[in-house]
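Comments concern the structure below.
Here, each number is a calculation from the coordinates, and none is a lab measurement. For clarity, every value in this text was computed on a predicted model and none was experimentally measured. Counting neighbours? That spans all protein chains shown, and the Cβs are built from the backbone with ideal geometry, glycine included.
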Amino acid sequence: MSDYEAVIGLETHIQLNTTTKIFCSCKADSWFDPPNTNICPVCTGLPGVLPVLNQAVVEKAVLLATAMHAEVRPVSYFDRKNYFYPDLPKGYQISQYDQPLGSGGYLDLPVPATSSPDGRPYVRRVTIHKLHIEEDAGKTKNDGRQRFIDFNRCGVPLIEMVTGPDLRSADEAAQYLTRLRQLLRWLGISEADMEKAHLRCDANVSIRPRGADYLNPKTEIKNVNSIEAVREAIQHEIQRQIRAVEAGQRIEAWTLEWDEDNSELRKMRSKETEADYRYFREPDLLPVYVDEQWKWEILKDMPELPLERRQRFLQEYELPEYDAEILTSERNLSDYFEATVRAYAGDPKRVSNWLMNDVLRMLNDRGLTADQLKLTPPFLAEVLRLVDANTINTSTGKSLLGKVEDSGRSPAAIVEQEGLAKVSDDSAIRNVVQAVLDANPKEVESYRAGKVTLIGWFVGQVMKQMRGKADPGMARQILEELLG
Ligand code: ZN
Ligand code: MN
């Protein structure tokens, strides 16, 4: 184990999935649109226009703040953050500064044994100081000779959350982002796709002797656009700082840029301090009032949260950790699981097995989410009961899943119509066995000469003749009897 520990805080910007921008009626998501096609006088800051707050932004922020166990301020304010940059035509960003919408809060990360230094799972509490809403700026692109500016992203609603210096490794930082992404999708407030910049992350990294309680100067890593890249960039930076300290150098408060193509960190400009932004109250907007009545309206649709549901799945259904993790990875999937367990009224682990092996494969192959399946929870439960009752065998059950999905008809109806029910009628099987033996005299001879392993091959032939409907145990018994 290293003599140093890392101290990491993450600053995240989350793009909300509202239809329109935060202060005007331009379309919010322009990922597929040509540059400068979703803009208007408000989001490009022309003189004489006034911003109007989009209510949906506040509602989504209240949901996230509550899910992060933060306090929602009954009155919060917008402020101007002043700076000059070509992608910011107004010369300031409308943000929230000293009285933001949410204050305090935390996310408890269950860190699995596989990511734990001593091989034991633990829970890391990651605190956030505050949660605020703000508008996004535009985007600049450089081709080496000229700089191009796209204002489409100006005024796109963002939530900014900054964690305390609570994370202790690159792995924990990656875990935090994974859990945050899960939560955002679960609440349905952001697509949270890092590759599309719906979720952006800067990382503050410092090191200190293991067990120390003071903070050393930190560096800030920018421009990381996948969870894997965050993990890799932080790992690089921790190693760089350890090497520097061991060589007797001081760590300076650099801003670093992650170069994904070359897996290296490059030094950027030095950072502005808060005072450089000349924050003051936004005079064109009213304070944001979130009274108890409105808060109640928003929170009445609050779902059970992913980590709580994961915990409940462990206890209530006695599922292994692995199953509970996968089944709660998406809200749809966990709803589907529970609905199937209710409809089936049998062993939840059996439902989990079918879901994780067969239904998940179907979802991947067909590019569907669980709520889009024609193989509904009652239909999946019906398939399981048909197998339990020995009406069909397991492999027929599995092939039935695709047939239900293709047709939308009930499993029992398909079994009936296609004659899939298992044949456990002795004489029917006996006839087929006799026919197989008659057709394969050489194999019968080998078997009788001592090559008894051929029995599996004979069973296979009988199953093939009967299109998988024979009870294989019974077929084997009859084969052994007639061959013996
Ligand atoms: Zn606009
Ligand atoms: Mn920000």
How far is helix 227-246 tilted, in degrees, relative to the longest principal axis of the Cα atoms in the chain, given as a value from 0 to 90 rounded to the nearest 10?
60 degrees
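With 24 Å as the limit, write out which pairs from K81/K130; K60/K349; K60/K130; K300/K349 have Cα-Cα distances beyond it, or answer none. Walk me through the intermediate numbers first.
Values: K81/K130 17 Å; K60/K349 35 Å; K60/K130 15 Å; K300/K349 31 Å.
In this structure, K60/K349; K300/K349 lie more than 24 Å apart at Cα.
Using a 10 Å cut-off on Cβ atoms, rank the peptides 21-27, 59-65, 113-119, 357-363 from the highest mean neighbour count down. Walk me through the intermediate numbers first.
Values: 21-27: 21.6, 59-65: 23.9, 113-119: 11.1, 357-363: 16.3.
My ranking of the peptides, most packed first, is 59-65, 21-27, 357-363, 113-119.
Test of understanding: ordering L158, L299 by Cβ neighbours within 10 Å, fewest first, what list do you get? Spell out each step's value before the answer.
Numbers: L158 25, L299 14.
Lowest count first: L299, L158.
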Mean-position separation - Cα centroids, region 233-312 and region 350-368, in angstrom
36 Å
Debye, to nearest 20: dipole size of the chain, +1 on Lys, Arg Cβ, -1 on Asp, Glu Cβ
480 debye
For L109, enumerate residues with amide H under 5 Å from its amide H, sequence gap 5+ or separate chain, H modeled in the peptide plane.
R124, R125, V126
For the peptides 279-286, 124-131, 197-204, what is the packing order when you average, over each peptide's residues, the other Cβ atoms within 10 Å and list the highest mean first?
197-204, 124-131, 279-286
The summed charge of the R350 Cβ neighbourhood (under 13 Å; Lys/Arg +1, Asp/Glu -1) stands at -3
Looking at N152, T178, F280, which one has the Cα that reaches farthest to the positive end of the dipole of the chain (charges on Cβ: Lys, Arg +1; Asp, Glu -1)?
N152
Distance (nanometres) between label positions extended 7 Å along Cα→Cβ at D335 and L286:
3.4 nm
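Output the peptides 387-394, 322-329 sorted from most to least packed, where packing is the average of other Cβ atoms within 10 Å over each peptide's residues.
Working: 387-394: 15.8, 322-329: 19.2.
Top of the packing list down: 322-329, 387-394.
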Between H129 and A212, how many nm apart are label points set 7 Å from Cα along the C-beta direction?
2.1 nm
